[in-house]
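Reviewing the structure listed below.
The values are calculated or read from the model by the stated rules, or taken from the named source; none is laboratory data. Since we're looking at a predicted model, the values are computed, not measured. With ideal geometry, Cβ positions are generated from the backbone for all residues, glycine too; neighbour counts draw on all protein chains shown. These accessible areas exclude ligands, DNA and RNA; they are computed on the full protein's heavy atoms, side chains included. Shrake-Rupley method; radii C 1.70, N 1.55, O 1.52, S 1.80 Å.
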Amino acid sequence: MQTTVPKGAPVPQTFGEALRAGPTTRVDEIDTRGTPGFDGDKAAAAELMPELADVVSELQERLYAESKGGGQRSVLLVIQGMDTSGKGGIMRHVVGAMDPQGVALTSFKVPSDEERRHPFLWRIRRALPRPGEIGVFDRSHYEDVLVVRVHDLVPRSQWSRRYGQIATFERGLVESGTTVVKVMLHISKDEQRARLAERLARPDKHWKYNPGDIDEREHWDEYMEAYQSVLERTSTESAPWYVVPADRKWYARLAVMQLLKEHLEAMDPRWPAADFDVEVEQERLEHT
Ligand code: ATP
């Protein structure tokens, strides 16, 4: 199990280490109520979140500032998960904690007629973050090997080639300065039932309910197989997947914020040096 550290093994130091999908990761063996990398409870996470948000916000500002000084780096956060897995909560609570000026959020829906006329990565390339930005994908090019595979929307020969195309595409992104952080929000089938039941029971949640979610739910096992293939074929050295147990919403939000923090810290963006003489400008200001 991903969440149990075997006796004698080093305790994971970071969320990245605790959540990263490796060759032995099995989606059906992960405890979706687990809290890998975190010993605290909901209250402890609530206390931690504002501090974390401050750290991430400052790092984001530095990344943005770096690009104004000619820096080319950016971040791409990809969020995938089954219906009700909490993608919306991540957008509100994690992405929403950052300065909107530096964030480029795109939600990928059923492709439009125009999008369908192009290769599947066409709409993805158009939504990539610019230097200094944190791009966020709410669903992504992975739909093209998830919903498309489960429903045979294109022939198998076509979707099966996409894993390699995606890996090559992402390697190119990383080589050109984009740090790619891919998150699978992993809920259990029972948790999805509970969340759908809540949406049905509460008039203020009816707007979130989509009868089509039940049809998709009937394909749960096929979706899990499709996610398994995604992890096996596209969790690469340069752009690994992180599987975030998401039955506890507070943990999923904390984990995604931590993953952002850890990746931004590793990038260590720097404030650009002034391209003017500070003392001269101070002097000039004095005389105004
Ligand atoms: P979400 O659950 O992400 O908040 P939503 O239910 O509010 O989304 P929808 O209008 O249902 O919004 O858009 C998402 C739908 O688009 C999903 O059912 C998803 O599978 C589908 N979709 C996304 N990308 C593709 C794709 N490349 N091919 C086919 N369907 C896709």
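Looking across region 186-220 at every residue that is of a type in the set (A, V, I, L, M, F, W, C) and closer than 30 Å to A21 by Cα, the one that is farthest from the ligand (Cβ to nearest atom) is identified as A194. The listed residues are W241, W220, and the only one of them that is open to solvent by less than 10 Å² (accessible area, probe 1.4 Å) and at pLDDT 95 or above turns out to be W241. May I ask you to say which residue of E191, E170 is open to solvent by less than 20 Å² (accessible area, probe 1.4 Å), assigned to a helix (DSSP H, G or I), touching a residue at least 60 places away in the same chain (Cβ under 8 Å) and closer than 26 Å to P245 by Cα? It is E170. Among the residues of region 149-167, just one is among the aromatic types (F, W, Y) and free of Cβ contacts under 8 Å to residues at least 24 places away in the same chain, namely W159.
Identify all residues within region 26-45 that are surrounded by fewer than 19 Cβ atoms within 10 Å (Cβ to Cβ) and under 17 Å from S85 (Cα atoms); write none if there are none. Steps first, please.
Kept after step one, since they are surrounded by fewer than 19 Cβ atoms within 10 Å (Cβ to Cβ), are these residues of region 26-45: 26, 28-29, 31, 33, 38-44.
Across region 26-45, the qualifying residues are D28, D31, R33.
Among the residues examined, R126 qualifies as surrounded by fewer than 16 Cβ atoms within 10 Å (Cβ to Cβ), of a type outside the set (A, V, I, L, M), out of contact with any His (no Cβ under 7 Å at 6 or more places or on another chain) and at pLDDT 95 or above. With respect to the conditions (1) more than 9 Å from the ligand (Cβ to nearest atom); (2) modelled with pLDDT of 95 or more, Q101 lacks only one, and its number is (2). For beta carbons closer than 9 Å, sequence separation of 6+ or different chains, a first residue in region 261-275 that is touching a residue at least 40 places away in the same chain (Cβ under 8 Å) and a second that is open to solvent by 50 Å² or more (accessible area, probe 1.4 Å) and among the aliphatic types (A, V, I, L, M), the qualifying pairs are K261/V55; L264/V55; E265/V55.
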